Amino acid sequence: MKNNFLSFVKKESLHILRDVRTMMIVLLIPVVLMILFGFAISTEVNNLDVAVVAPNRTESVRQTVDRLSRNPYFTLIDYIDNNDIDKVLRSGKANVVVLFDEDYDKLLAQRSEGIDTKPAVQFIFDASNTNLAQTGAIYLQNAIATEHSQQEMLNMHLLYNPQMKSAYNFVPGIMGLIFILICAMMTSISIVREKEVGTMEVLLVSPVRPIKIILAKMIPYFVISCINLVTILLIARYLLYIPLDGVWGGVIVMSIVYLLLSLALGLFISTVSSSQVVALLVSAMVLLLPMMMLSGMLFPLENLPMILKPLPNIVPARWYIDAIRKLMIMGLPLSAVMKELIILVIMAFVLMGISLKNFKDKLE
Amino acid sequence: MSDVIISVKDLTKRFGDFTAVNRITFDVERGEIFGFLGANGAGKTTAMRMLCGLSYPTSGSGTVAGYDVMREGEMIKRHIGYMSQRFSLYNDLTVWENIRLFAGIYGLSKSETESRATELLRRLNFTSERDTLVGALPLGWKQKLSFAVATIHRPEVVFLDEPTGGVDPITRRQFWEMIYEAADSGTTIFVTTHYMDEAEYCTRVSIMVDGEVRALDTPARLKEQFVAESMDEVFRILARGAKRGE
């Protein structure tokens, strides 16, 4: 009876290999997502369209504008007239208008002598896109402020991600998303499919223990997820230049625990759904949505209203993403994420226990 | 010697207040083709699940192939074959892979698998389809293959749950020829069906109504007993009294 387990693993692998389209999707999703988030989609603001109003184009004004135009974050549209401010913003030609005061030079001079004056420069932003306006304002402020004060009042250090690359933020999120997607969704669907088609019945009448059927289903998806893990880490290291030296081990241990947890989740979903469609919906609604919303992948958890604050604690991805961020971006050792690791291990065991019991009960 | 392969006494299954199977008692002899009839909801499936070791009886006793249905469900599973009304092979695996899978499940060795599978394919004239995906085969072929796979481990009893549903009359005939062949070689066949002409092919037939076995005998004697022309009529006379609907 020993070789029946192997025949099962072989059979499950064949199912996956035969479905070439699905397999390609599963293997390519991580690559596509990594490249999308790494290069195309980013929360950085590039090419902010800037229009300038300058009644007196003095040497210093021109220098400042010149420097802005050379900055890759800004694109200089043109000098415009005071009356056209509304028009360029409305037509979308510019995202922001920078107004220099008539007495720009004089005001600057007074400032450097320590005299309080009215502001020398004003920004008028199109804030219909809040994200763009907020981030753009900070960039612009920084760019112009350095012109104004010789000695800086504030000294800011950005640790771990000095260039504020958004890819650094997204990679852990993508990892959290992909593994749930593949492990939980694919396993649950593949188990439910057998129930739906009727083959499960035949397997249950056979002498194979149900636990073996389930384990055999999980193994190939586990292997695929490991391949994905390697792909993601390689892209992170060699395309996005996230330094991974010395943290490989920690990331891999953490990811494997998370993979097992996702598999348990998949099994759980399969025990509560009667058809593939239901399994898919449950995966999407119960797993993916809260995961995106409550894991800190897209929105900072600090922004949640008070009553919702405890909610993310039950989302496994939240702990995983937190841990991966610490490991990958901050370069901390595995011992620094023990809390996350233990929470995930406990979650995995509890889920596995509940689902196996659920699965057995359903058979009766 | 009396060679009883399935023996059931007062077998009962309750789900809460509902008694799905109510004290059924019968014996099946080795090599018999035992027809297990009943309208939908009469309790056939529940009874069959208990005999296959899939669910435990609430009370009563029984043995299948010498093993106790109460305690030795796992042993029973090793000694029976099962084929359901729903097609039970994998469409995305080839004929050969399906055979190999089920041979593996029942613990056949590599050489046993090889020789039995080869023989099976020859017997079915399937040798050329060895590497065809099962999904590409016509339904009748699939059904035949399904039966052959269900008996690959040479079980003592084969349970067939409405094996010929949705199959054309010619294939149905061929299918019954396979059943006869298996019975001749000593395999006991326990079959449920909705087709009354198939009931005529059985050695003995039991008819379940409302969770109880109301009649059990050879088709000829049942017709005599109920003064009926055909099994169809016998069935209708009995089913008329049913209280449970569909």
Item to check | Total residues in segment B:187-222, condition of a type in the set (Lys, Arg) and either touching an Asp or Glu at 6+ places or on another chain (Cβ under 9 Å) or open to solvent by less than 40 Å² (accessible area, probe 1.4 Å) (or both) | outcome: 1
Next on the checklist: Can you list the helices (runs of 4 or more DSSP H) lying wholly within segment B:131-231 that have 1 or more residues being within 13 Å of the chain's Cα centre (by Cα)?
Outcome noted: B:139-150, B:169-184, B:196-201
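Matching residues to (1) free of Cβ contacts under 8 Å to residues at least 60 places away in the same chain; (2) open to solvent by less than 20 Å² (accessible area, probe 1.4 Å); (3) small (Gly, Ala, Ser):
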position	(1), (2), (3)
B:Phe15	yes, no, no
B:Phe26	no, yes, no
B:Arg30	no, no, no
B:Leu37	no, yes, no
B:Lys44	no, yes, no
B:Thr58	yes, no, no
B:Gly62	yes, yes, yes
B:Arg86	yes, no, no
Next on the checklist: So, B:Thr46, is that one in a helix (DSSP H, G or I), within 14 Å of chain A (Cβ to nearest Cβ) and in contact with a strand residue (DSSP E or B) (Cβ under 9 Å, 6 or more places away or on another chain) or not?
Outcome noted: yes
Checklist entry - Is it true that some residue in segment B:72-81 is in contact with a strand residue (DSSP E or B) (Cβ under 6 Å, 6 or more places away or on another chain), touching a residue at least 60 places away in the same chain (Cβ under 8 Å) and within 11 Å of chain A (Cβ to nearest Cβ)? => result yes
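Yes or no, residue by residue, for (1) small (Gly, Ala, Ser); (2) part of a helix (DSSP H, G or I):
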{"position": "A:Ala167", "(1), (2)": "yes, yes"}
{"position": "A:Gly173", "(1), (2)": "yes, yes"}
{"position": "A:Phe179", "(1), (2)": "no, yes"}
{"position": "A:Ile182", "(1), (2)": "no, yes"}
{"position": "A:Met185", "(1), (2)": "no, yes"}
{"position": "A:Arg193", "(1), (2)": "no, yes"}
{"position": "A:Pro207", "(1), (2)": "no, no"}
{"position": "A:Ile214", "(1), (2)": "no, yes"}
Item to check | Unmet criterion (only one of (1) open to solvent by less than 40 Å² (accessible area, probe 1.4 Å); (2) under 17 Å from the mean Cα position of the chain (by Cα); (3) modelled with pLDDT under 85) for A:Ile324 | outcome: (3)
Next on the checklist: Anything in segment B:115-154 that is open to solvent by 50 Å² or more (accessible area, probe 1.4 Å) and within 21 Å of B:Thr187 (Cα to Cα)? List them, or say none.
Outcome noted: B:Ser115, B:Thr118, B:Glu119, B:Arg122, B:Arg123, B:Arg154
Next on the checklist: It is to be established whether one or more residues within segment B:90-101 are touching a Pro at 6+ places or on another chain (Cβ under 6 Å) and either within 11 Å of another protein chain (Cβ to nearest Cβ) or open to solvent by less than 10 Å² (accessible area, probe 1.4 Å) (or both).
Outcome noted: no
Next on the checklist: Given the options A:Leu28, A:Leu107, A:Leu17, A:Leu99, name the one that is part of a helix (DSSP H, G or I) and surrounded by 13 or more Cβ atoms within 10 Å (Cβ to Cβ).
Outcome noted: A:Leu107
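The values are calculated or read from the model by the stated rules, or taken from the named source; none is laboratory data. Being a predicted model, the structure only gives us computed values, none of them experimental. When we count neighbours, we look across all protein chains shown, and the Cβ atoms used for this are built from the backbone with ideal geometry, even at glycine. Quick note on the areas: whole protein, heavy atoms, side chains included, nothing else; ligands and nucleic acids left out. Shrake-Rupley method; radii C 1.70, N 1.55, O 1.52, S 1.80 Å.
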